[in-house]
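First comes the structure, then the notes that go with it.
The values are calculated or read from the model by the stated rules, or taken from the named source; none is laboratory data. Just so it is clear, the model here is predicted, and its values are computed rather than measured. We place every Cβ from the backbone using ideal geometry, glycine too, and count neighbours over all the protein chains shown.
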Amino acid sequence: MKIAIIGTGYVGLVTGACLADSGNAVICVDIDKKKVERLKKGEVPIYEPNLNKLLQRNRKAERIFFTTDLNIGVEKSDIIFLALPTPPGEDGSADLTHVLSVAEKIAPLITKQKIIVNKSTVPVGTTEKVQKIIKKSASAKFEVVSNPEFLREGYAVRDCLTPERIVIGTNSKKAKETLKRLYKPHVENTNQILFMDEKSAELTKYAANSFLATKISFMNEIANFCDVVGANVDDVRKGLGTDSRISKKFLYAGIGYGGSCFPKDVKALCKTGKDIKQEFKILEATVRVNEEQRMVLVKKIKKHFGKLKGKCFGVWGLSFKPNTDDVREAPALYIIKQLLKEGARVSAFDPEAIENAKALFGHKIRYTETMYEATKNQDALIIATEWAGFINPDFDKLSKNLKNKIIFDGRNIFERKQLEKHKFKYYCIGK
């Protein structure tokens, strides 16, 4: 099939690479000239496991191309995917500027039948808005379909190639059959493709992310309760996770959720609820708990040291989770901002996210090339992201580097007995 992907962020780039890998001809369109030039040279602008390999294979096979020319993308495709950003506005609502602007631009270019597929996370009713905009200028038949993505950063390629389910919102028989054929190589059986109306599909994405965010916030509240009463949140987690109705996933206590999806999507759904006077009380609490959870480790640090002015802290992890360079809404950023506000100094290491952090902090913090360099002459170590490389460190080297043998673990990657054996003072979440 001939496919255009408009937007080459996480969703667009991964979707384009995976669809090309199943034999389709894919044209990726983006307005960022520098990014497109890099992609043409084979450079991948984001870190995502296995994405580089997938793109190189399909570039070599001449199944994926990159351009800034929207006309070419529309003209040479039968299916047009919109993979555009919907950033949060000041009031929490999803900003549809990019989606609606592209809809206006492609409308007069539709001179033969097309299927427009919205991959972006958008509020209920957006498909209808896009349809109305395109209808004004299109000179051929078209269908607008809601097909929200469910890609996890760090596992996006795997999620795209072998999805648990594919949600498609449309009442068009032609669109259903076309997308069923398109996704056939990626599903074991057609039961994984869930057809529904457009509004239900749009809401499904928000509902899924909001539920998972709520699960995280609930577990963090349990962890904070454990800290007060002396229970162990890891034991509680295991007791909960073995219940098949609950499952083991998203039950790990820590310093809150971050990233490009959960914070934005929960707030957007809350805003939509307020707009129609159907408020989401549980989600409002989820947001509040998460915002407070980001500061839990700072409270522990202040309780131990008192005033932080002049103190030096090594930070391991800047990305919002491991296996990505994405620092959007990362708890580490909130912790570092507060430490700087209190007059402390920070040395930070992350395997992939340093460049993105530099764009936010500049020279306000020190960046190191190794995890151990970040701990030299520091008053304590803070762990903000659970990268695999942090889990089994050289504790003897840490002992020599740190001024004080103190670790504040925001991701519970260590066992207390392990730290006590090496005579470290250990602060974690909920145990």
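Are any of the residues in region 201-214 in contact with a helix residue (DSSP H, G or I) (Cβ under 6 Å, 6 or more places away or on another chain) and more than 30 Å from Asn171 (Cβ to Cβ)?
Checked region 201-214: at least one residue is in contact with a helix residue (DSSP H, G or I) (Cβ under 6 Å, 6 or more places away or on another chain) and more than 30 Å from Asn171 (Cβ to Cβ).
Do we have Glu37 as touching a helix residue (DSSP H, G or I) at 6+ places or on another chain (Cβ under 9 Å) and either among the basic types (Lys, Arg) or more than 21 Å from Val117 (Cβ to Cβ) (or both) here?
Criteria not met by Glu37.
What's the total number of residues in region 268-315 that are charged (D, E, K, R) and in contact with a Gly (Cβ under 6 Å, 6 or more places away or on another chain)?
Count: 4.
Return the residues of region 64-92 that are more than 25 Å from Glu43 (Cβ to Cβ) and small (Gly, Ala, Ser); say none if nothing qualifies.
Scanning region 64-92 gives Gly89, Gly92.
Exactly one of (1) surrounded by fewer than 20 Cβ atoms within 10 Å (Cβ to Cβ); (2) in a loop (DSSP other than H, G, I, E, B) is unmet by Ala285. Its number?
(2)
Inside region 3-27, can you point out the residues that are under 15 Å from Leu179 (Cα atoms) and assigned to a helix (DSSP H, G or I)?
Residues satisfying the conditions are Thr15, Gly16, Cys18, Leu19, Ala20.
Here are Val315, Val298: which of them is assigned by TED's automatic domain parsing to the domain that holds Thr370, in contact with a strand residue (DSSP E or B) (Cβ under 7 Å, 6 or more places away or on another chain) and not in a loop (DSSP other than H, G, I, E, B)?
Of Val315, Val298, the one residue that is assigned by TED's automatic domain parsing to the domain that holds Thr370, in contact with a strand residue (DSSP E or B) (Cβ under 7 Å, 6 or more places away or on another chain) and not in a loop (DSSP other than H, G, I, E, B) is Val315.
I'd like to know if region 96-116 contains one or more residues that are part of a loop (DSSP other than H, G, I, E, B), modelled with pLDDT of 95 or more and closer than 25 Å to Lys34 by Cα.
yes
Only one of these conditions is not met by Lys199: (1) free of Cβ contacts under 8 Å to residues at least 60 places away in the same chain; (2) assigned to a helix (DSSP H, G or I). Which number is it?
Going through (1) free of Cβ contacts under 8 Å to residues at least 60 places away in the same chain; (2) assigned to a helix (DSSP H, G or I) one by one, Lys199 breaks only (1).
Restricting to region 239-276, count the residues that are farther than 29 Å from Val327 by Cα and surrounded by fewer than 13 Cβ atoms within 10 Å (Cβ to Cβ).
Number of matching residues: 7.
Report whether or not Asp326 is within 30 Å of Ala207 (Cβ to Cβ), among the charged types (D, E, K, R) and surrounded by 18 or more Cβ atoms within 10 Å (Cβ to Cβ).
So Asp326 passes the test.
Restricted to region 188-202, and to residues that are under 10 Å from Asn147 (Cα atoms) and of a type in the set (Asp, Glu), which residue is surrounded by the fewest Cβ atoms within 10 Å (Cβ to Cβ)?
Selected residue: Glu198.
Where residues in region 420-431 are surrounded by 17 or more Cβ atoms within 10 Å (Cβ to Cβ) and touching a residue at least 24 places away in the same chain (Cβ under 8 Å), which of them is farthest from Asp326 (Cα to Cα)?
Per the stated criteria, the residue is Phe424.
In region 45-78, which residues are in a loop (DSSP other than H, G, I, E, B) and touching a helix residue (DSSP H, G or I) at 6+ places or on another chain (Cβ under 7 Å)?
Pro45, Ile46, Glu48, Pro49, Asn50, Arg63, Thr68
Any chance region 393-406 includes a residue that's modelled with pLDDT of 95 or more, crowded, with 18+ Cβ neighbours inside 10 Å, of a type in the set (Phe, Trp, Tyr) and assigned by TED's automatic domain parsing to the domain that holds Ile336?
Within region 393-406 (the criterion being modelled with pLDDT of 95 or more, crowded, with 18+ Cβ neighbours inside 10 Å, of a type in the set (Phe, Trp, Tyr) and assigned by TED's automatic domain parsing to the domain that holds Ile336), the answer is no, since none of the residues qualifies.
Of the conditions (1) modelled with pLDDT of 95 or more; (2) surrounded by fewer than 19 Cβ atoms within 10 Å (Cβ to Cβ); (3) within 25 Å of Asn323 (Cα to Cα), Phe390 clears all except one; give me its number.
So Phe390 meets the others, but not (2).
Criterion first (part of a loop (DSSP other than H, G, I, E, B) and either over 18 Å from the mean Cα position of the chain (by Cα) or β-branched (Val, Ile, Thr) (or both)) does Glu188 satisfy it?
yes
Given the conditions (1) in a helix (DSSP H, G or I); (2) of a type outside the set (D, E, K, R); (3) within 27 Å of the chain's Cα centre (by Cα); (4) not assigned by TED's automatic domain parsing to the domain that holds Ile282, which single one is not true for Phe211?
Just one mismatch for Phe211, condition (4).
For region 140-180, give me each residue that is in contact with a Lys or Arg (Cβ under 6 Å, 6 or more places away or on another chain) and aromatic (Phe, Trp, Tyr).
Within region 140-180, just Phe142 meets the criteria.
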